[in-house]
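Here the structure is laid out as structure tokens; the discussion comes afterwards.
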Amino acid sequence: MQKVAVITGAASGIGKGLAERFAAESMKVVLADVEEEALAELETDLKSKGTDILAVKTDVSNAAEVENLAVQTLDTFGAVHILCNNAGVACSRPIWEHTVADWEWVLGVNLWGVIHGIRAFVPRMLTQGDACHIVNTASILGLIGGGGTGIYKVSKHGVVVLSEVLADELAQKGANIQVHVLCPGWVRTGILDSDRNRPDTLQNRETQASSRIQTIGGGNARAEMKAGMSPTEVAEQVYNAIQNGTFYIHTHPEHKAAIRERMERILE
């Protein structure tokens with residue numbers, strides 16, 4: 001049976017890489033994103049290569065829109081086998097200076113987007129009974145602490161523990177659904193410019209926060225991103241993790257030292 005993959009934040013970055021990788025495996029692919037023009041361009045490109053595509057403009061922070069995504073997926077393709085809760089945004093300033101709008105925007109996309117995806121798709125996957133996979137995009141910053149990029153780290157730590165709980169509860173139920181949490185380091189995406197998709201209702205009216213994500217150990221974020229891993233490489237690692245049943249997907253194993261340091265501080 002031809003598999004069906006659903007990807008949020010699909011029009012660029014890691015999401016686009018995943019869409020192209022799954023299309024290469026002759027899967028049917030559902031693309032979800034808020035950027036209509038980029039979404040349409042990817043839809044056209046993949047269709048021209050013979051992929052069955054459904055493109056749905058979706059704001060993942062909106063529960064009704066994610067529910068609509070699930071309904072359209074099932075109405076069009078009749079099933080879903082891989083769900084990638086991937087959409088993400090970022091802004092950065094000292095954590096006490098973040099406005100309510102900052103928190104609502106970043107948590108709305110990064111954490112609530114995953115929550116809405118789980119609520120909309122998992123019950124349908126359980127009813128379906130097929131072997132399914134859920135890939136939640138977190139970050140290396142969801143596994144470490146320290147100063148800087150606090151609002152982003154809060155959202156990504158939430159995604160990690162949400163994924164851990166989901167995996168355990170599905171296993172306890174004996175469900176045929178595997179969960180994976182993607183924790184990448186620097187990848188060449190457009191997240192440093194995610195303000196381009198910030199809703200008018202959640203603009204920071206006081207002073208505009210920076211979209212800059214702090215590097216591990218400091219450094220120039222744009223330079224780090226320019227030198228980062230390609231979305232194609234990340235997508236390959238995700239595909240392999242799905243095949244191998246890997247839960248934590250570490251695209252940059254060199255960052256494990258920072259994870260170990262944090263865990264040792266906790267244990268001490």
*With a probe of 1.4 Å, find how much accessible area segment 1-104 has per residue, and write the answer as a whole number in Å².*
41 Å²
*asked:* Taking all protein chains in place and a 1.4 Å probe, what share, in percent, of the accessible surface of the chain do carbon and sulfur account for?
replied: 50 percent
_Please report, ordered by residue number, every helix of the chain (full DSSP H runs) that is 20 Å or longer along its axis going by C-alpha atoms and whose mean Kyte-Doolittle hydropathy reaches 0.0._
63-77, 112-128, 150-173
*Could you do me a favour and compute the accessible area per residue for segment 105-153, 1.4 Å probe, result in Å²?*
28 Å²
*Starting from the Cα of Thr201, step 7 Å along the direction of its Cβ; do the same at Met263; then give the gap between the two resulting points in nm.*
4.1 nm
*Want the number for Ala171 to Thr76: 0.36 nm per residue separation, take away the alpha-carbon distance, what's left?*
31.3 nm
*Computed log₁₀ I(q)/I(0) - Debye formula, equal Cα scatterers, no solvent, segment 63-205, q 0.08, 0.13, 0.18 Å⁻¹*: -0.24, -0.61, -1.06
*With each run of n ≥ 4 DSSP H residues scored as -39500 (n - 2.57), what mean residue ellipticity at 222 nm is computed for the chain after dividing by its residue count and rounding to the nearest 500 deg cm²/dmol?*
-15000 deg cm²/dmol
*Using only the Cα atoms, what convex hull volume per residue in Å³ does segment 1-94 have?*
94 Å³
*Against the rule of thumb 2.2 N^0.38 Å, how large the Cα Rg of segment 17-64 comes out*: 1.14
_Once R0 is set to 30 Å, what does the formula 1/(1 + (r/R0)^6) return for the Cβ-Cβ distance between Met1 and Val161, expressed as a FRET efficiency to the nearest 0.05?_
0.35
_Two-site label geometry, Trp103 and Ser230: point separation in nm, points 7 Å out along Cα→Cβ_ = 4.1 nm
*Expressed in whole Å with the largest first, what are the equivalent ellipsoid semi-axes of the chain derived from the C-alpha gyration tensor as the square root of 5 times each eigenvalue?*
28, 21, 18
*Provide the gained length on full extension for the span Asn240 to Leu126, in nm with one decimal, where the gain is 0.36 nm per separating residue minus the Cα-Cα distance.*
38.7 nm
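The values are calculated or read from the model by the stated rules, or taken from the named source; none is laboratory data. Everything numeric here is computed off the predicted structure, so don't read it as measured data. Neighbour counts are summed over all protein chains in view; Cβ atoms, including those assigned to glycine, are modelled from backbone coordinates with ideal geometry. Side chains are part of the model used for accessible areas, which takes the heavy atoms of the whole protein and leaves out ligands, DNA and RNA. Shrake-Rupley method; radii C 1.70, N 1.55, O 1.52, S 1.80 Å.
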